[in-house]
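What follows draws every value from the coordinates through simple rules; no lab data is involved. Computed from a predicted structure; not experimentally measured. Using ideal geometry, Cβ is built from the backbone for each residue, glycine included, and neighbour counts are taken over all protein chains shown.
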Ligand SMILES: *Cc1c(COP(=O)(O)O)cnc(C)c1O
Ligand SMILES: [Zn+2]
């Protein structure tokens, strides 16, 4: 063990702490702690020439970390992530020197690994028997991977509903997840108590983590040929990372490795913006937000542990801060993927939302060197991205169908936002009005038969008492274009009635037109949808084609109990022909009946061939 060349003290009142005693907050004033170095001692060991010859990785800066036993270092070769020149995006936004630091390229897909390397090494130095950590997901994945490498069990407290990629990663690494019915901030407080009670190592946004994450700043400087950029734009949750990167630049400047310092720009989600609010009001302290809410789950933090440091970072560096709506964040995520083929999670797209606005308002100028830190990979949260991407259509294995699809320009139509929630029509449009609206909003010329079907679906919305929004109309059109074209409808569902109560099986009566014959049939099922579908199936099977319903899924596109649902069904006939069909409506039964009717007719058409 080396003698330490650092001490831990309170960021606000400067009270000293031993590293065993407290790694969370000041025992006197509860402010965050920070690591202070004896830089003369570091200078004895490092110089620019030495650093230049070592490959770009976080562990090359080992002497800048508060570690005492280098033999215990737990590393997964984190850091050394690419700094891309974003030429196309830069051109679009009018910036000559725009760069992206792609932190998604870290071992677990987010920058947290840089901090985990230091923290878990520290846990090992201190001989801790277990680690605990609170997380919105990425910290969980990262800490559990490093704990696994160190051979130390790891408990992770998360708010319910963590993004699927992060959850499956964490459990795979052996992290022991406990879901907390509350916010991330509730989980953080609970984890602190848990660490104290059981003498576990408390990982998270505390003083040691920050030290590891400052290597982002070191690397950016090296990758820009030992220069600081003019601006560094970063997302902020707890505010740890932006403070870390700033500290990295300041240390390099202190050693004369670079001549200048960047201005730090922080971006938060509108629904989780305590740091931005404080900066805008020129306050040193932030007001805690009780119930943060945003699609950018990685920054859904209301009580940022390093908020004070982040505020100081932004003011001291002469930067600024701003917040963005969920729509702006998802638009930025899409734009980044489109212009730079870079797929990031929503939180990581915040810097681009910030850049667009800052460029428009001239807070950032075209000739400045700007680095956006894109903090995590899109694979972490694929379902959120899917909500704003067009869904791939299906066609018969037939070149004619491919050509029809190409003529439609499907992907030109839907490569756009569907998050606008204002109604498009105040009353049921006439068919010409609908076609015109589709042309105006989507640039799509509907043929008369498609227009007729689109109108039917729009009417379905009005009948259910919902005025369709642009995103509803997009789902209708997508469904229409994804559907097989039916020349002859054998089955038409005329009407249905359902009886359902708390204690009995739901019963349904249906009236259908089947091969031009009117049939009335009844059926029951475990739920209302099941009952209606069973009744239709019964009627159809008596005198029609034999088939099986092999898959049924329901997707809810937006929030709210009046949201349109997308029902997808797969039907299969005796010859194993399969048809996938979709129905969209704010009423799940209507959507299911619709999907079934189309699926059945398409299967009839296919079976005949
Ligand atoms: C943790 C995280 C952030 C926020 O970083 P803080 O240090 O909490 O400010 C941003 N983006 C991603 C992808 C993260 O995982
Ligand atoms: Zn203090």
Problem - Neighbour-count ranking [beta-carbon atoms within 10 angstrom, fewest first] of 547, 249 - result: 547, 249
Handout entry: Stretch gain in nm, segment residue 293-residue 315, where the contour uses 0.36 nm per residue and the Cα spacing is subtracted
Key = 5.3 nm
Problem - Per-residue Cβ neighbour rank within 10 angstrom, fewest leading, 215, 116, 168, 592 - result: 168, 592, 215, 116
Fill in the blank from the handout: Rounded to the nearest 10 degrees, the helix 448-463 long axis (Cα) sits at an angle to the longest Cα principal axis of the chain of 80 degrees
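So how do 29-35, 533-539 stack up, highest first, on mean other-Cβ count within 10 Å?
Ranked from most to least packed, the peptides come out as 533-539, 29-35.
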Exercise for the section: For helix 399-408, report the angle its Cα long axis makes with the longest principal axis of the Cα atoms of the chain; keep it between 0 and 90° and round to the nearest 10°. Expected result: 70 degrees
Exercise for the section: For helix 470-482, report the angle its Cα long axis makes with the longest principal axis of the Cα atoms of the chain; keep it between 0 and 90° and round to the nearest 10°. Expected result: 60 degrees
Completion exercise
Expressed in µm² per second, the diffusion coefficient of the chain from the Stokes-Einstein equation, with Rh the Kirkwood radius over alpha carbon pairs, at 4 °C and 1.567 mPa s, is 48 µm²/s
Handout entry: Stokes-Einstein D (µm²/s) once Rh is taken as the Kirkwood radius of the stretch 491-608 over alpha-carbon pairs, at 4 °C in 1.567 mPa s
Key = 89 µm²/s
Practice task
For n ≥ 4 DSSP H runs only, could you compute -39500 (n - 2.57) per run for the chain, divide by its residues and tell me the 222 nm figure to the nearest 500?
Solution key: -12000 deg cm²/dmol
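Determine, for 432, 19, the number of other Cβ atoms within 10 Å of each Cβ, and report the residues in order from fewest to most.
432, 19
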Completion exercise
With the 8 Å Cα cutoff and a minimum separation of six or more residues, the chain has a relative contact order in percent of 9 percent
